[in-house]
There are 2 protein chains.
Amino acid sequence: MAANILIVDDEQAIADLVEVYLLNENYKVFKFYNGRDALNCINNERIDLAVLDVMLPDINGFSICRRIREKHNFPVIMLTAKEEEIDKITGLTLGADDYITKPFRPLELVARVKAQLRRFTKYNSMEPAKEERLIAFSGLVLDMDKHECMLNEKKISLTPTEFSILWVLCSNRGRVVSSEELFQKVWGDKYFSNSNNTVMVHIRHLREKMHDSAEHPKYIKTVWGVGYKIER
Amino acid sequence: MAANILIVDDEQAIADLVEVYLLNENYKVFKFYNGRDALNCINNERIDLAVLDVMLPDINGFSICRRIREKHNFPVIMLTAKEEEIDKITGLTLGADDYITKPFRPLELVARVKAQLRRFTKYNSMEPAKEERLIAFSGLVLDMDKHECMLNEKKISLTPTEFSILWVLCSNRGRVVSSEELFQKVWGDKYFSNSNNTVMVHIRHLREKMHDSAEHPKYIKTVWGVGYKIER
DNA sequence: CAGAACCTTAAGATTTTATTAATGAGACAA
DNA sequence: TTGTCTCATTAATAAAATCTTAAGGTTCTG
């Protein structure tokens, strides 16, 4: 599972450079040149690791780190200029998991990022290799082994197709999934045409069973012209 | 799979040494003692990787790197003297993929060369196109996966066309994009005529949703006779 | 000032999605 | 085999959202 990594550095060249290296490793990168945008992002995206510059124009890197620690648990790596020796202790004390002094070798940074992610996933016992058999979030539980769906403690019985569709939506939650992609993933690589409204009908049935509606969707949202989506 | 490797170093002893080690690994080596000959070679041979010395008598190694990047996509490894610490970031920023400080162990160089070639081939074969899925700057966040737009912490809902237009403008931020180019990129390669004002109407809608105005634009600026532009 | 480029507005054309009902396919038991 | 049941698909229609067009107004530039 590709991790989401937050980068914050006001020196655009450096942020861009780090981005290139992390993209290369198949991470999804959220890059910001100031603290405000970054903090904004943290509340809206699932971030797995942050790389923070200490010196930022608006918000101090340490402050961001502290703000992260208030609500989140992912590792933080601080970037500091070589002269700021004194700050090292401070940064680590405030909750950073590692720090790198500038100028640094990008490959070293990549190595540290990987190390942190490894350490973190290890301690959290998230098995990256094994594919998920159970999805559970905000009142919704999908059990692939039992082929069962629970919504707010109550079991709702879904047909195989309905279950598959809901599974795909849930395992991609937070992201819009197009009808075409749904069709591909649920029915296999069959040909899909727009005149085929079978996905739509199943969505309708799902919503009915989940006591959801198209106008005011609690779960399955329609994103016009794009697809369907379940919020995280 | 024998790769073609370009070596440029005015210190002949070093160039020769590197050559020996790379020949040993069954790479084909193109060796030059100055930048001019190297640049000449680049246009005539298929090069898979370059090892460039920073200090050259005629053309700076960084310049060569930049010239390579203008037309080619292969990895570049820079060789720098240990004192040139400051240049490190610069060199990497200008597009180098790795650097090695002199004196270096030849085997380390060979290892780095292999790593770059591995990374590069992986990068080029696995993923079809590593396009950005997220754009974020100065209070504006565009998330292609969520198909969501945030402006100053507030979500604004855009239609597919509006989203596409804003995406094109943002991914070309700092540059003026003509109506024609917008049309091409958003609608595909359909025919565009000046009597078609649909782009204009969508811009208008975008501005409305962003609480922007044509007279005093905060985001989408009109560049008279040219097109539209978003500042970086 | 005149013409060109751009802005605004709103109607109706088009596209996409929702709903509903009917048909068909397959499983399973009598 | 036949009838019944469940589920998947299709089709027709309705509803909604979006897109395009066109007309008239405004602003800019030489």
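The values are calculated or read from the model by the stated rules, or taken from the named source; none is laboratory data. Given the structure is predicted, the values throughout are model-derived calculations rather than measurements. Cβ sites come from the backbone with ideal geometry, for glycine too, and all protein chains shown count toward neighbours. Just so you know, the surface numbers come from the protein's heavy atoms only, side chains and all, with ligands and any DNA or RNA stripped out. Shrake-Rupley method; radii C 1.70, N 1.55, O 1.52, S 1.80 Å.
For the stretch A:134-230, divide the Cα radius of gyration by the Kirkwood radius and give the resulting Rg/Rh value with two decimals. With Rh from the inverse mean 1/r over Cα pairs, Rg/Rh is 0.93. Note: relative contact order over chain B, using C-alpha pairs below 8 Å and six or more positions apart, is 12 percent. In this structure the amide hydrogen of residue B:31, modeled in the peptide plane, comes within under 5 Å of the amide hydrogens of B:7, none closer than 5 places in sequence on its chain. Per-residue surface analysis assigns residue B:28 an accessible area of about 110 Å², computed on protein heavy atoms at 1.4 Å probe radius.
When nucleic acids and ligands are ignored and a 1.4 Å probe is applied, residue B:216 ends up with an accessible area of around 140 Å². Heavy-atom accessible area, probed at 1.4 angstrom with all protein chains present, ranks A:175, A:66, A:46 as A:66, A:46, A:175, highest first. Overall, the anisotropy analysis places chain B in the prolate class: the square-rooted eigenvalues a ≥ b ≥ c of its C-alpha gyration tensor yield a/c not less than 1.5, with a/b exceeding b/c. With the whole protein complex present, residue A:157 retains an accessible surface near 90 Å², based on a 1.4 Å probe. For residue B:79, the residues whose modelled amide H falls within less than 5 Å of its own, excluding neighbours fewer than 5 places apart on the same chain, are B:52, B:53, B:54, B:100. Buried surface for the B/A pair, taken as the accessible area of each chain alone minus that of the pair with a 1.4 Å probe, is close to 2800 Å² in total. For chain B, set up a GNM with springs between Cα atoms under 10 Å and report which of B:106, B:57, B:217 has the largest fluctuation. Among B:106, B:57, B:217, the largest GNM mean-square fluctuation belongs to B:217.
Per-residue Cβ counts within 10 Å, from other chains only, averaged over B:146-154: what number is that?
For peptide B:146-154, the averaged partner shielding equals 4.
Evaluated over the stretch B:134-230, the count of Lys pairs having alpha-carbon atoms less than 23 Å apart is 21 (only pairs 8 or more residues apart or interchain).
Each other copy holds its own label point for residue B:17; taking that point as 7 Å from Cα along Cα to Cβ, the gaps run 2.5 nm, nearest first. For peptide A:213-224, the mean count of partner chain Cβ atoms within 10 Å of a residue's Cβ comes to 1.
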